[in-house]
Each structure stands twice: as C-alpha cells, then as structure tokens.
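Worksheet: the structure to be examined is printed underneath.
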Amino acid sequence: MPSQFRVPLGSRLRASLACISGAIVLFAASRQSFLKSQTDLVKRFMKAYVEGIHRFKTDKTAALATLEKYTKQKTTPATEKIYDVYASRYFKRAPEATAAGIQTILEEISASRPLPQGTAPVAIPRVALYSELVASGFIDALYQSR
C-alpha cells in the first residue's frame, strides 16, 4: 500500500495524495455521472492541478514559501535539497490515472462502504480528460513559457 493521506471532498469527488512507484500523485475520482454532467468543471480542476504542479516545479521561491507556511518550518539548506529532489524526481508534469492510483481510491471508498462485486482497477474506465489535456498542448505550453 502506498504512503498516502486522504482528503474527502464531499460525495461527488474524492482525492488522495500518494507516493506510488516513486511519484507523488494526487488521485481524484468521481462518479461517471458527475464527470458527464460537470465535464467543464472537471477539466478546469485538471488544468488548475497541472498549473499547480508547474508552479511548484518551476518557482522554487514560491514553493518553499508555501511549504514554510503550511508546515510552519523555516526553509533550510536541507529542505531546499528535499525540494530539489521532489520537484525533479517525484512530481510528474501531469496526472494520469494508473491502476495503483485507482486501487488507492477503491481502498478509500471500501473503508466506508462495500464495493460492488468484481470492482478492480482494471475494470474502471479511465477518463480521456488526461489524454485530451496532453494532446491539447496545454502542459507543453506551460513548460515552454518558463
């Protein structure tokens, strides 16, 4: 099981931050009906999340200030080194639904209610929003502007 913390965002959207296969990833999940009825909202969430990753990876000063604010710890040479490692190695440019990530969400859900029989990460359809985001050039444009 990956190291993680979970933040329920209501019944329509769930999110988990996990370290899986050496990458730190926010997994957000929702019902298919929510994805279909709120497609624009989900796309804007994905773009904002990718922009946040970009800001963290490309603006060390802002990232360290944010970490300092929320951890209540002063920045030291050691924390700067940790930032360098995390920004370059653990945070990927864009989120992608993986079987491990879907399993994390399923475990979170199953802690509060039973899952339908046969529910497994490979049985969950992955939304094309990630592919659309990559194909649109949005992510590449973020990193080219810096």
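What follows draws every value from the coordinates through simple rules; no lab data is involved. Everything numeric here is computed off the predicted structure, so don't read it as measured data.
Partner lysines whose Cα lies under 26 Å from the Cα of K74, excluding those fewer than 8 positions away in the same chain, are identified as K57, K60, K92.
Taking a ≥ b ≥ c as the square roots of the eigenvalues of the alpha-carbon gyration tensor, the range 35-146 is classed oblate because a/c is 1.5 or more while a/b is no larger than b/c.
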